Each structure stands twice: as structure tokens, then as C-alpha cells.
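Scroll down for the structure; my scribbles are underneath it.
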Amino acid sequence: MRKLLSTITLTALLFFFSNLVSAQTINNSADLEKFYTEFFNNRQSRDALVKGYCTDSLYQAWKASSSDEPFVFGGCDNYSGVQIRQLPKDNQYLVLFGYWYLGENDFRSREGVTISVENGKINKVDHHAPLSTSDLSGTKWRFVIRRLDKPNDYYEISKNYYEFTNNEIINQRVDLKDARSVPNPYYLTDTTPTKFDSSKVGTNTKGQYYVEKWGEDLLFFSIIYFNKEEGLMVLSDNIYIMNGKEIRKEFFKPREFPVNGPKYSTW
């Protein structure tokens, strides 16, 4: 009889705690911080975590996948930090994976995923179509600069602007006494470049990587997020807003925390 009561009690406790897990909801970036902190630091509990924070369809998709996508980027386990930004759309968040630079004073994002939250659950990952040079051509952007010298003033907007044609990016320098523009050829590709391929310039390329020739150097960035209507573009750790557009302030207040450090946030 005692054994039976113990079994019933244990079953009731398991049922109670399983219901607590399944009742988890996502209401803001702080809730997402809890999810990703546990996701990276407690691998043993990932099944219950995903089941509790996500919709059933996303949970099943995660169970069927051979990796941890769609919650992370393919190589993010090698990164040392996560940054969560709220996008202009209320139910969308940009989750960036990268490295702490100069200790923990600056965070450099390298890859990212966009997630959508509906009815308090992580509902889906919004995979954006590859960016095309036709999407960029004719657009003008301003660069967002992080202010390390003013911890309470995260960002400022550069007065300079970048204008795209189908084959060049033009850096219009307006912060100098003698303003000048500096054009550089660029193209887009789906493969990580090892050298600049001039034959692709001006051919309406598309892909997940932005490639630019800067003098004799090669610059390339992961295209993490692009939305012309919102006026927002994120290339690796570079953030741009479309000239004349205003981005909601919350986007520039990122939530940051280490993934391989303590199980609690340090920000």
C-alpha cells in the first residue's frame, strides 16, 4: 500500500511539474533570454524546454531535425554570446550569435535567426529569401554606431550614408570638410568567398553573403536581416537604417548574455 501511495505521489508530482513546463509563455525579450540561457547551458533539459516554450508543430519539427535548427544558426555552439533584439514588428525578434570582443565590453554578432512569437509561444522561424542586388539597388542607408563610451546611450546614427546601385556601394562622406563619395564594387553570393569575383559584379546576384571590394581587400558579411519596408538591414555586426526611416527604440536596446557562462544573465 505504501509503495502504491509513493508511486501515485511521484506520478502526481511529475504531472504537476510537466504542466509547469508546458505552461511557459514568451511575452518579451527577457522571456526569450530564459529560453536561450537554458537552451545552451542545460542540454539535458532541451526536450522539455522546447516543448514548453514552443508550439507543438515547431517542437515536432525540432525533434525531426538533425541539428538544433530552427532555434539557432548552424555553427552557433562555437560562439560565446547571444544578443536578442526586438524587431519593429511586435511579435518578431532577431536572435544574434557571436563573440564578446575586448572582454565583455562589446558584442560582435556573426550569424542570426529571426523568430516569431504568437500567443505566448515561439511559433516559427521566419526564413527570409536570399537578398538580391535588385533589392538593394536605389536604396540609401545610414550606419548605426555603438557608443562604448556612453553605456546608457547605446547607439548613434552616422551622418554619412551608403547608396547602392546594381554594381556599386557608394559611401557618401559628409562628416569631412571636403565631402566626397567612395564607390566600391559588390555582389551577393550563397557561398563563403575566398577572393573577389569581379565577373559577378552587376549581374543581379543574390545570396546570403554580401561581398565588397575595398581597395585590395575583400570584405564579406552574413546577411542576417533585411526588410526594405521596415528600413532595417543587418550585415553581421553592422546595422543600417534606411535614410529617412526611423526604427523603434526597442530595437536598439539589445538583451545580451553569455551562453557558456553562468546560468543567469549578467546584464
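The values are calculated or read from the model by the stated rules, or taken from the named source; none is laboratory data. Just so it is clear, the structure is predicted and the values come from calculations on it, not from any experiment. Here Cβ is always computed from backbone atoms with ideal geometry, including for glycine, and neighbour counts include all displayed protein chains. With ligands, DNA and RNA removed, areas are computed over all heavy atoms of the protein, side chains included. Shrake-Rupley method; radii C 1.70, N 1.55, O 1.52, S 1.80 Å.
Among residues other than SER65 with Cβ under 14 Å from its Cβ, the summed charge is 0 (Lys and Arg +1, Asp and Glu -1).
What the stretch 161-256 shows is 53 Å² of accessible area per residue, with the surface traced by a 1.4 Å probe over protein heavy atoms. Note on the stretch 20-72: with charges restricted to the Cβ of Lys and Arg (+1) and Asp and Glu (-1), its dipole about the Cα centre is near 120 debye. Across the stretch 130-259 the C-alpha pair distances fall into 5 Å bins from zero in the proportions 2, 10, 18, 23, 19, 14, 9, 4, 1, 0 percent. Measuring only protein heavy atoms, the 1.4 Å probe finds ARG85 accessible over about 10 Å². Over the stretch 199-241, the alpha carbon radius of gyration divided by the compact-protein estimate 2.2 N^0.38 Å works out to 1.26. Relative protection proxy for 223-235, 37-49, from highest mean packing down: 223-235, 37-49 (other beta-carbon atoms within 10 angstrom).
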